[in-house]
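What follows is calculated from the coordinates using simple rules that are stated; it is not laboratory data. Here the structure is a predicted model, which is why all the values come from computation and not from measurement. As a convention, Cβ positions derive from the backbone with ideal geometry for all residues, glycine included, and neighbour counts pool all protein chains shown.
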Amino acid sequence: MSAASATIRRLIVILCLAVPAAVFTAVFPSGGTEPDPVQTEAVPHAGVQTGEVDRAGTEKDIPDHEAGHIPAALGPARPGGMPTSEEINEKIKEMGWLESDPEAVEEDLTSPEESRVVFEPVIKVDVVSILNRNDEGDQFGFPSAVFCDREMDEIFVVTSASGGRIVIYNENYFPVFSLGAGRGAVAPRDIEKDAAGRFYIVQSATENSPPRVSVYNAAMFKERDIDLEQPEIEGLGEGGFVPQSIAVASDGRLYITLANVRGVLVMKTDGTFSHWLRPQDMVYAAGPAAANEEEEEKAGEEEEPEEPGFDIDLSTLPEELRPRRSAAYPPEEAGPKLGPVLPSSVRIDSHGNIFVLSAETSKVYVFNTNEELLFSFGEKGGAEGKMSQPRDMVIDENRNAVYIVDYMRHTVLIYERSGRFMYEFGGQGNSPGWFMFPVNLDIDRQGHLLVSDLFNMRVQILNVDFKYRFPLFQVPFVQEDAGGLQPMTWKEKQRYFAPGGFDPGSHAVSGEEGPGDEEGRLRGAVM
């Protein structure tokens, strides 16, 4: 029996007990002798004779000329102060026990799926605070990244001022310290922290140093640098590259995305090269290109930075963060081919699952701890629910959601962790709650969403409150065992179902046979 049905029946019982009590109170006022229990019958129809009940419980005959008269206390009239059935039903609806007419829930629900509440789409975004000043009281430059140390309740904002600085805020959003060239933070791009309390800061190349990962202790003193231009690392391509994001696995492995380099670079704890993690999809493997000299010249013009629409100095903005018009792609007959994607961000959740975001394909590729591809989600486009140029993401495990920031659409999209789109908010503007080329995200200890609002030169701290449009998602590739939650693998013959709401392509497969043998599966995911 459902909770709503049980509640209604309890109300009916209470009402049935209350009515006779009120009736007898009206007949026998307070202070009189209580009547003996009497077994009553239903109120007779008009014209039917009945007897009057005396105190001894016997009936007295009623004269024929009074047969049509029924005492008010025993008739169908409602005693004073008692609610009508309509009023009771209205009260039930106000209390949220029913979604519609009471008769609609007379039958017990037959399955847990049917008993789940489906909410109307509701989302509310409030601006909690805005960070735009450094520890010297000056407005900082372009904030290219934001990181929340949830253990210490501190916020790290990477800015472009003086080549690059990191401003640290306390739990009251007050800037207390900044990290710059004096401590080795010359060109920072992203920050992550491991379980031991060490900080990993990826930095782009400068005149005096190559691209690297700088490792800091808990007091923010540098311990060592990990050079990313090692001769053992193949596939970096010719020319310079810029680190974009970093994630640290529980075993100490470093996952790093590099601008214009296909795949995620995986480094060992000691700083040596491990391997590449390369999600496969239909891409233009050679990148944007023109078909002839005329188109090449046109494409070169299109790749110039796009004007942001207002007067602003771009001299301190890193090249890879500047907005660009879309470049020309190969002719249609050439078509895309299966190949490794260009990743823009990488994150790891508490279960060890690896989320790789690609701005090229506008998809998120989800791997388990063994780097086996589980599924992907996302769709490219300029309409609601689609991504034009996603730059970063953050996983909200308390809300079972994934937030993705779209650089060109100036919005934040919210997906369920299964990949189903739920909401988006924002838009281009300068007022609080609006964005101008946002690039980075994180979540603080209180669950607030922090957005690096690049061209507005601020970090917005938002309280995002939303309800689910559908039942909460249970992670399909996580199972319970003696050791807690563990990712499932194809070896266990589990069924992986593509989440609804998008075209999974070849990345989400259902069935018990799996996508081929293990060797072939790994060959497609790791190179």
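Structure notes:
- Difference of contour (0.36 nm per residue) and Cα-Cα distance, Ala181 to Asn217: 11.3 nm
- Local electrostatic count, Leu450, Cβ distance below 9 Å [Lys/Arg +1, Asp/Glu -1]: -2
- Packing-based exposure ordering (other Cβ within 10 Å, fewest first) of Lys467, Lys337: Lys337, Lys467
- 18 Å cut-off, amide nitrogen to a point 7 angstrom out along Lys337 Cα→Cβ, residues in the range 249-272: 262-263
- Each residue, Asn170 and Arg224, gets one label point 7 Å from its Cα in the Cβ direction; the gap between the two is 3.4 nm.
- Net charge over other residues, Cβ less than 14 angstrom from the Cβ of Asp153 (K, R count +1; D, E count -1): -3
- FRET E, pair Asp138, Lys380, Förster distance 35 Å, beta-carbon r, rounded to 0.05: 0.35
- Residue-count net charge about Phe221 - beta-carbon cut-off 14 Å; Lys, Arg +1, Asp, Glu -1: +2
- Label-point gap, in nm, between Glu151 and Gln428 - each point 7 angstrom along Cα→Cβ: 4.2 nm
- Interchain or long-range residues, amide H under 5 Å from Ile226's placed H: Val213, Ser214, Val215
- Virtual spin-label span in nm between Ser129 and Arg322, 7 Å along Cα→Cβ: 3.4 nm
- At full extension, Leu236 and Asp194 could sit 12.6 nm farther apart than now, given 0.36 nm per residue minus the alpha carbon distance.
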